[in-house]
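Notes to accompany the following structure.
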Amino acid sequence: MIDAVRWVRTPENQHEVHVLDQRLLPLRTEFMVCRTASDMATAIRDMVVRGAPAIGIAAAFGVALGSQSWNPGAGFSYQQHMEETTRLLGATRPTAVNLFWALERMRALWATPVIGDPSGLTGSLFLEAQSIKDEDIRMNRKMGDHGQALLPDSATVLTHCNAGALATGGFGTALGVIRAAVSAGKTIRVFADETRPYLQGARLTAYELVEDGIPTTLITDGMGASLMAKKKIDAVIVGADRVTANGDVANKIGTYALAVLARAHGIPFYVAAPFSTIDFSLQSGSQIPIEERSPREITHFGPDVRIAPEGVSVYNPAFDVTPGEFITAIITEKGVFRPDEIRQLAPKSN
Ligand code: MRU
């Protein structure tokens, strides 16, 4: 299975985290070696690792790396150092809530007062980050089981962006549902949107599905409507970066258009996301901070080839919000819910 974020112990008994460089896929498989929280913050900000659950896992390991590099002689207490580590990692990408969820879960460990040398917590922090990753894989498999039951024995599914093993601890959310359906013996064909402008669909989703031998056709983002009109799509399945209490969903830019199209054509529109993607503190999608990314992603093809004229204005939000009313169901590890049922799933403390 593709493993985007790996915890490694060196022969010198140091911890490293090896992050698969998704910017190079599918042409090259290389890992960025992260030894500090700052390395990990760079990996998240620069999209070496991306996808909401994978960002959360990477941030959790970033906290553990931060603990490892605490130097008592530098003049900051362990708690001050860890607070700054958390701030650094939290400032990388704003939309996926899993990042902040993971930082808070790690805080519960490092903020607990300890007797003696607090750097002794480093080992526990790495174990906690690994637990977050292992739990994510288990949740994805459960989501897969719940979600695959929604698909007919033979189905053509449209997906957008990459919500696969690369975007998670492993197996995937939306792609996990597709994988589970295939494992259950269903005949599944996939249309994968290329996903402008960063091309996660063309580079990452197509790569994962081709590797798995799942029949996949790559299309540009504007082709979904005509395929739906021709009755070539039985369901749309996407992941999520943040789900709010009212069942609105932030996901990769272009998702909202697909949901509206699906509604217009009477096609079910499913979102697969773990509970760590639900932000019960926000009442609606309009409160979700939406990341705006570099104009170069639109004006250039790849890193260097300019395709738009100098001087043109560019608007490049990385995500949009799909109102819950356009979503047939949200598939989680705890079951399948209508968007208007999400609020009542909030943990009692919220
Ligand atoms: O900008 P990215 O690549 O981090 O965005 C990821 C997405 O929006 C995915 O579509 C996804 O559904 C969330 S991760 C499972």
For this session: Report the GluC sites (Glu not before Pro) located in region 1-107 that are in a DSSP loop and have at most 14 other Cβ atoms inside 10 Å of their Cβ, or state none.
Result: Glu12, Glu30
Problem set entry | Entries in Lys142/Lys348; Lys186/Lys230; Lys142/Lys231; Lys133/Lys186; Lys186/Lys231 that, when Cα-Cα distance is taken, lie over 25 Å | Lys142/Lys231; Lys133/Lys186
Seminar exercise, completed: Stretched fully, the stretch from Lys186 through Ile219 gains (0.36 nm per residue minus C-alpha distance, one decimal, in nm) 9.6 nm
Seminar exercise, completed: Per region 105-146, sqrt(5λ) over the Cα gyration tensor eigenvalues, sorted largest first, in Å, gives 30, 9, 5
Exercise. For Ala184, what is the net charge nearby, where nearby means another residue's Cβ is under 13 Å from its Cβ and Lys, Arg count +1, Asp, Glu -1?
Worked result: +1
Exercise. Using 0.36 nm per residue, how much length does the chain from Glu341 to Glu135 gain when fully extended, once their Cα-Cα distance is taken away?
Worked result: 71.8 nm
For this session: Work out the P(r) tail for the chain: percent of alpha carbon pairs separated by more than 34 Å, whole number.
Result: 24
For this session: For region 115-183, count all C-alpha to C-alpha pairs, find those more than 20 Å apart, and express that count as a whole percent of the total.
Result: 42
Seminar exercise, completed: Per the rule of 0.36 nm per residue minus the C-alpha distance, extending Arg23 to Lys334 adds in nm 108.7 nm
Exercise. Given region 109-226, what whole percent of its Cα pairs are spread farther than 23 Å?
Worked result: 41
For this session: Compute the convex hull volume of the Cα atoms of region 161-211, divide it by the residue count, and report the result per residue in Å³ as a whole number.
Result: 64
For this session: For Ser294 paired with Glu30, estimate the spin-label separation in nm (one decimal), with each label point 7 Å from Cα along the Cα-to-Cβ line.
Result: 1.6
For this session: Please report the relative contact order for region 51-138, taking Cα pairs under 8 Å with a sequence separation of at least 6, and give it as a percent rounded to a whole number.
Result: 47
For this session: Could you line up Asp248, Asp46 from fewest to most neighbouring Cβ atoms inside 10 Å?
Result: Asp46, Asp248
For this session: Report the residues of region 20-54 in range of a label on Glu84: point 7 Å along Cα→C-beta, backbone N strictly under 12 Å from it.
Result: 38
Problem set entry | Exposed-site-free run, longest, the chain (rule: trypsin sites (Lys or Arg not before Pro); DSSP loop; at most 11 other C-beta within 10 Å) | 29-229
Problem set entry | Förster radius 45 Å - calculated FRET efficiency between Ala108 and Ala229 (Cβ-Cβ, nearest 0.05) | 0.35
Exercise. Taking every DSSP beta bridge that has both residues in the chain, what percent is antiparallel when rounded to the nearest 5?
Worked result: 50
Exercise. Given C-alpha coordinates of region 56-168, what is the ratio Rg to Rh with the Kirkwood estimate of Rh?
Worked result: 1.13
For this session: Determine, for Ser67, Ser284, the number of other Cβ atoms within 10 Å of each Cβ, and report the residues in order from fewest to most.
Result: Ser284, Ser67
Exercise. Of Ala37, Pro11, Met139, which is farthest along the charge dipole of the chain in the positive direction, counting Lys and Arg as +1 and Asp and Glu as -1 at C-beta?
Worked result: Met139
Problem set entry | Paired Rg and Dmax values of region 1-136, which use every Cα atom, in angstrom | 14.2, 50
Exercise. Tell me, what are the semi-axes, in whole angstrom and largest first, of the equivalent ellipsoid of region 23-79 as set by the roots of 5 times the Cα gyration tensor eigenvalues?
Worked result: 27, 12, 8
Exercise. Cα atoms only, region 53-104: Rg and Dmax in Å?
Worked result: 11.4, 36
Seminar exercise, completed: Taking Ser286, Ser69 and counting other beta carbon atoms within 10 angstrom, the fewest-first order is Ser286, Ser69
Exercise. Of Ala318, Ala43, Ala58, which has the largest mean-square fluctuation in a 10 Å C-alpha GNM of the chain?
Worked result: Ala318
Problem set entry | the chain: most fluctuating residue of Gly311, Gly66, Gly285 per GNM, C-alpha cutoff 10 Å | Gly311
Problem set entry | region 268-350: equivalent-ellipsoid semi-axes (sqrt of 5 x gyration tensor eigenvalues, Cα, Å) | 36, 14, 12
For this session: Over all directions, average the projected area of the Cα convex hull of region 207-309 and note it in nm².
Result: 9.2
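Only the coordinates and a few stated rules stand behind these numbers; no lab work does. All of these numbers come straight from a predicted model, not from anything done at the bench. So basically every Cβ, Gly included, is an ideal-geometry build from the backbone, and we count neighbours across all protein chains shown.
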